[in-house]
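Report on the structure given below.
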Amino acid sequence: LQAITGAEKRESHAVKLTAIAAEKRAWADELAAGPSPSEEGRIGPRQALTELAKVLPPHAMVSTDIGNVCSTANSYLAFDEPRSFLAAMSWGNCGYAFPAAIGAKVARPDRPAIAYVGEGAWGMSLTETMTCVREQIPVVAIVFDNQQWGAEKRNQIDFFDGRAVATNLENPDFAAVARAMGAEGTLV
């Protein structure tokens, strides 16, 4: 009891909330100042995440997969209501985001459902596109294609003297694959 009621004065909630708001503003400013540059014919991942955050529909539910771009995406997302963010985080369950978005949409058909997926994880769940078409479940999948298993490549480089094996990918046009399954597909 003495420790709890000790001589130190506790900060008021207002002081804490002001400090939290200042940190959130500083973080948003840092993100806005450092988008990755785009290459010829390709948009940089941080630039894409910045633009996606600007057009995120109100009340959207967003699921993110594992991997570099999806982990980075977590910093760019902001929600106004609970039960809006579904993230695999550190569980390592590759291929999580698209099925999670489908389940969220079935549970809440009144809300937009969006999955952020790297192309490695997309390869594990893209056939569920046919389920969405057949069952008329309107989910958006945003597939980030950097032609590699990025997180695995980074781990190999870090732990194996700069070497990486079997981490580069040669991908099809995923938009064309979506269209072949009866869904809409757009390549950005």
Note the angle between two axes, namely the Cα long axis of helix 97-107 and the longest principal axis of the Cα atoms of the chain, as a number of degrees from 0 to 90, rounded to the nearest 10. 80
How large is the accessible surface per residue of the chain, computed with a 1.4 Å probe and reported in Å² as a whole number? 67
Using a Gaussian network model of the chain whose springs link C-alpha atoms within less than 10 Å, name the residue from THR167, THR129, THR72 with the highest mean-square fluctuation. THR167
What's the ranking of 100-111, 15-26 by average number of surrounding C-beta atoms within 10 Å, highest first? 100-111, 15-26
Quick check: convex hull of the Cα atoms in the chain, volume per residue, rounded to a whole Å³? 189
Given that compact globular proteins tend to follow 2.2 N^0.38 Å, what is the ratio of the alpha-carbon Rg of region 74-175 to that value? 1.21
Two-decimal Rg/Rh across region 42-123, once Rg and the Kirkwood Rh are taken from alpha-carbon atoms: 0.94
With only helices counted (DSSP H, runs n ≥ 4, each -39500 (n - 2.57)), the per-residue ellipticity at 222 nm for the chain, to the nearest 500, works out to -12500 deg cm²/dmol
Quantify, in whole percent, the carbon and sulfur part of the accessible surface of region 42-188 (1.4 Å probe; protein heavy atoms only). 55
In region 42-76, trypsin sites (Lys or Arg not before Pro) in a DSSP loop with at most 15 other beta-carbon atoms within 10 Å: none
For an R0 of 30 angstrom, estimate the FRET efficiency from the Cβ-Cβ distance between PHE159 and VAL188 and round to the nearest 0.05. 0.35
Determine the relative contact order of region 44-188: mean sequence separation of Cα pairs under 8 Å and six or more apart, normalised by residue count, in whole percent. 20
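The values are calculated or read from the model by the stated rules, or taken from the named source; none is laboratory data. Quick caveat: nothing in here was measured; it's all calculated off a predicted structure. Quick reminder, even Gly has a Cβ in these numbers, built from the backbone with ideal geometry, and neighbours come from all protein chains shown. All accessible areas refer to the heavy atoms of the entire protein, side chains included, with ligands and DNA or RNA removed. Shrake-Rupley method; radii C 1.70, N 1.55, O 1.52, S 1.80 Å.
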